[in-house]
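One structure is given here, and the rest of the page talks about it.
The values are calculated or read from the model by the stated rules, or taken from the named source; none is laboratory data. Nothing here was measured: the structure is a model prediction, and the numbers come from that model. Glycine gets a Cβ as well: all are built from the backbone with ideal geometry, and neighbour counts include every protein chain shown.
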Amino acid sequence: MTAIGFALFDTAIGGCAIAWSERGVVGVQLPGRDAAATRARLTRRYPGVHEADPPEQVARAIDSIVALVSGEHHDLSNIVLDLDGVPEFNRRVYAVARTIRPGTTLTYGAIAAQLGEPDARGVGEAMGRNPCPIIVPCHRVVAAGGKTGGFSAPGGAATKRRLLAIEGAHTTAEPTLFDRHGGLAFELKPQAAKTSRGRR
């Protein structure tokens with residue numbers, strides 16, 4: 001699979017980039033320190049891509065991402081992805097993650113249970129390799145026991161907390177175990193996990 005084009009676009013959290021093939025979106029790059037850094041990170045991920053005006057379907061995806069990151073509860077589940085070359089297990093994880101509503105979360109363990117998997121480590125590894133953050137909302141997947149868990153995108157857990165707060169997680173001025181050093185803190189609103197009975 002070869003990404004044939006990419007474009008930079010501005011959001012409320014900074015400049016992002018998106019790459020696409022003729023079959024759909026292949027990658028999203030969250031903001032680097034500046035546009036040049038974001039562009040460089042994406043072109044390292046997809047050698048040979050060229051910067052271009054996005055086709056209509058990708059332009060609509062950009063508009064939806066911009067709206068979501070501005071605080072609107074947009075549904076991104078209809079954005080077509082091209083996950084050619086992505087392991088089948090990871091695709092299954094991403095399919096579950098795409099059902100998590102803005103402002104809610106699921107734990108790694110809950111996703112593993114939906115997939116009939118015995119432990120959550122594989123889910124965490126799949127999220128760490130998510131090529132399409134925000135569209136596949138790995139920021140809504142959290143650790144057990146009220147912990148945010150990791151986030152491999154630029155900014156790490158701080159970016160994860162910011163995205164969750166933008167999406168309507170309950171915010172408080174008091175530091176919590178999500179933010180031991182003060183500043184923005186929030187309580188996660190768990191999404192009810194679906195039963196894995198009869199699902200594989």
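Quick look at the numbers
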item: Those residues of the stretch 110-152 which are under 13 Å from the mean Cα position of the chain (by Cα), modelled with pLDDT under 75 and either polar (S, T, N, Q) or crowded, with 20+ Cβ neighbours inside 10 Å (or both), in sequence order; result: F151, S152
item: Verdict on V66 being touching a residue at least 40 places away in the same chain (Cβ under 8 Å) and part of a helix (DSSP H, G or I); result: yes
item: Candidate set from the stretch 69-87 (those that are in contact (Cβ under 8 Å) with a residue 24 or more places away in the chain and among the acidic types (D, E)); member that is farthest from I4 (Cα to Cα); result: D84
item: Given (1) touching a strand residue (DSSP E or B) at 6+ places or on another chain (Cβ under 7 Å); (2) within 22 Å of G128 (Cα to Cα), number of the condition P87 does not satisfy; result: (1)
item: Residue match in the stretch 53-63 (condition: among the charged types (D, E, K, R) and either farther than 24 Å from G168 by Cα or touching an Asp or Glu at 6+ places or on another chain (Cβ under 7 Å) (or both)); result: yes
item: When residues of the stretch 69-93 are limited to those that are of a type outside the set (D, E) and assigned to a helix (DSSP H, G or I), the one farthest from T107 (Cα to Cα); result: V69
item: Count of the stretch 22-53 residues which are assigned to a helix (DSSP H, G or I), closer than 21 Å to L83 by Cα and not polar (S, T, N, Q); result: 5
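A quick yes/no check of all residues on (1) β-branched (V, I, T); (2) outside the structural domain of T11 (by TED's automatic domain parsing):
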| site | (1), (2) |
| --- | --- |
| A36 | no, no |
| E56 | no, no |
| H74 | no, yes |
| V80 | yes, yes |
| G109 | no, yes |
| Q114 | no, yes |
| E117 | no, yes |
| P131 | no, yes |
